[in-house]
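Report on the following structure.
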Amino acid sequence: MLSSKELQRYSRQMILPQVGEEGQEKLAAARVIIIGLGGLGSPAALYLAAAGIGELHLVDGDHIDLSNLQRQVLYKTNHQGKSKAQVAAQQLTAANPNIRIYAHPQMADETWLRDHVAQVDLVLDCTDNLKIRYLINRTCHEIGRPVVMASAQGFSGQLISFDFSKNKNPCYACLFPPQQQEDIHNCSTMGVIGPILGVVGSVQALEALKILLGLPASSLGQLYLIEGETLAMRTLKLNKSENCPVCSA
């Protein structure tokens, strides 16, 4: 049952027929893990907290550096040297004190993922670490949790999501086979324009909300390629690979 203050806070999205009071109660009951509190995780976390997701788990082992502030909009100059997960939790609690927010100041290794993914309804992969991304993909597939994945560099971004509650769905390893991947470049080596991270991270939050509300999510099994220089968007339909080491094993 939503309180009078919650009805007022979320009134603009509850007006939408796709949400309503029933949808808002779904969001209030939802539990979400956000892995990576950098350029993608910052806007995604802000919008999910503002939307009233009942429980957010924020996972990141890094500390805030001056070079982060050009794009990681959760943090301020006086936060340098502090834990990203802990500062993010403080910032989001200030934005919406009515939800439960837990900081996990560590990297999401296999043990941590197996212990925590089963306790939530959805995972957002906002990391730029390819090894962790494959671990997230495998763990969500094995446990049967939906995941929204994204990445960005330069002026470009990518986004795709998977609903692993359906066994026939493809996975991230179908799209990018682990044996064919080398170490990927990230913001530290290739650079990135800040707003593209805001665009892609916001779309991650949007797709997460749609999945939690039971609405059709266009990114399910479909890779979105977002080009910031031309404002073009392309899509690539993903098929399940018979040789996938995760979903065809």
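Data for the structure
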read-out: Cα lying deepest toward the dipole's positive end in the chain, options Gly20, Gly41, Val120, charges on Cβ; value: Gly20
read-out: Heavy-atom surface of the chain, accessible at 1.4 Å and reported per residue (Å²); value: 49 Å²
read-out: Under 30 Å from Lys82, Cα to Cα: lysines that are on another chain or at least 8 residues apart; value: Lys131
read-out: Rounded to whole Å, sorted largest first: equivalent-ellipsoid semi-axes of the chain, Cα gyration tensor; value: 26, 23, 18
read-out: 21 Å tail of the calculated P(r), region 1-127, as % of Cα pairs; value: 40 percent
read-out: GNM top mover of Phe176, Phe164, Phe155 - the chain, alpha-carbon springs below 10 Å; value: Phe176
read-out: Residue among Thr93, Thr189, Thr235 with the largest mean-square fluctuation in a Gaussian network model of the chain, springs linking Cα atoms under 10 Å; value: Thr189
read-out: Rg/Rh for region 94-206, where both radii come from Cα atoms and Rh is the Kirkwood radius; value: 0.97
read-out: Listed pairs Lys166/Lys240; Lys26/Lys168; Lys5/Lys26 exceeding 20 Å between Cα atoms; value: Lys26/Lys168
read-out: Helical contribution to [θ] at 222 nm, DSSP H n ≥ 4, -39,500 (n - 2.57), averaged over the chain, rounded to 500; value: -10500 deg cm²/dmol
read-out: Estimated distance in nm for a label pair at Arg114 and Phe176, the labels positioned 7 Å out from Cα along Cα-to-Cβ; value: 2.4 nm
read-out: Using a Förster distance of 30 Å, the FRET efficiency for Glu21-Gln90 (Cβ separation, nearest 0.05); value: 0.50
read-out: Dipole magnitude of region 11-144 about its Cα centre (Cβ charges: Lys, Arg +1; Asp, Glu -1), debye to nearest 20; value: 320 debye
read-out: Size of electric dipole in the chain: Cβ of Lys, Arg +1 and of Asp, Glu -1, about Cα centre, debye, nearest 20; value: 360 debye
read-out: Highest-MSF residue in the chain out of Asp109, Asp121, Asp163 [GNM, Cα springs under 10 Å]; value: Asp109
read-out: Among beta bridges that DSSP assigns inside the chain, antiparallel share in %, nearest 5; value: 50 percent
read-out: Cross-link reach list, aspartates and glutamates versus Lys76, counting only Cα pairs under 14 Å and skipping chain neighbours closer than eight places; value: Asp65
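The values are calculated or read from the model by the stated rules, or taken from the named source; none is laboratory data. No experiment lies behind these values; they were computed from the predicted model shown. Here the Cβ is made from the backbone with ideal geometry for all residues, glycine too, and neighbour counts use every protein chain on show. Calculation scope for accessible area: heavy atoms of the full protein, side chains included, ligands and nucleic acids excluded. Shrake-Rupley method; radii C 1.70, N 1.55, O 1.52, S 1.80 Å.
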